[in-house]
Amino acid sequence: MRYQLVLQWSGSSLKDYDEMVAMENKLIENLSEGSEVDGHDAGSGEVNIFILTDDPELTFSEAKSILGNGVRWLSVRVAYREITKSHYITLWPEDLTNFRIA
């Protein structure tokens with residue numbers, strides 16, 4: 001797969017971590033073929049779910065549908081990069097200009 005899509009939220013508590021793992025499991029069970037959850041990390045006040053895909057925009061749309069419009073979507077940041085590159089392209093929110101993983 002050509003891209004890494006990252007779903008990122010603020011979070012630092014055990015509850016935040018448990019919610020992220022539950023979301024990751026929903027994605028593992030429901031993303032269409034051609035996308036693969038590649039793990040997660042937590043630290044420095046954020047949680048991240050990593051997804052490998054050839055179509056990051058379609059995969060983001062699927063992820064949003066799978067996870068619903070819960071309160072976490074109010075603070076989600078979503079970006080992707082080519083696997084071989086380090087620069088992220090922001091998908092959400094549309095006005096986000098700087099995306100990084102701590």
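Quick note: the coordinates plus some simple rules give every number you see, no bench work behind them. Only a predicted model underlies this, so the values are computations on that prediction, with no experimental measurement involved. FYI the Cβ positions are ideal-geometry reconstructions off the backbone, even for glycines, and counts take in every protein chain you see.
The figures follow:
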quantity	calculated
Theoretical gain in end-to-end length, residue 14 to residue 74 [0.36 nm per residue, Cα-Cα removed]	19.6 nm
Environment charge at residue 80 (Cβ cut-off 13 Å; Lys +1, Arg +1, Asp -1, Glu -1)	-1
Extent along principal axes [Cα atoms of the range 8-102; Å; largest to smallest]	32, 30, 23
Partner aspartates and glutamates for residue 85 [C-alpha distance under 20 Å; skip if fewer than 8 residues away on the same chain]	36, 38, 41, 54, 55, 57
Centroid-to-centroid separation of the range 20-40 and the range 72-102 [C-alpha atoms, Å]	18 Å
Candidate lysines for bridging to residue 15, where Cα separation is under 25 Å - those fewer than 8 sequence places away on the same chain excluded	26, 64
Sum of side-chain charges, residue 37 neighbourhood, beta-carbon under 10 Å (Lys, Arg +1; Asp, Glu -1)	-3
Overall form of the range 48-102 per C-alpha gyration tensor (a/c, 1.5; a/b vs b/c)	oblate
Backbone HN-Hα couplings from phi across the range 15-20 [Karplus 6.51/-1.76/1.60, Hz, Gly and Pro as x]	4, 4, 5, 4, 4, 4
Test item: Cα-centred dipole of the range 2-102, Lys/Arg +1 and Asp/Glu -1 on Cβ, debye	300 debye
Karplus-derived HN-Hα couplings along the range 25-42 (A = 6.51, B = -1.76, C = 1.60, θ = phi - 60°), whole Hz, x at Gly and Pro	5, 4, 5, 4, 6, 10, 5, 6, 4, x, 10, 9, 5, 10, x, 8, 8, 8
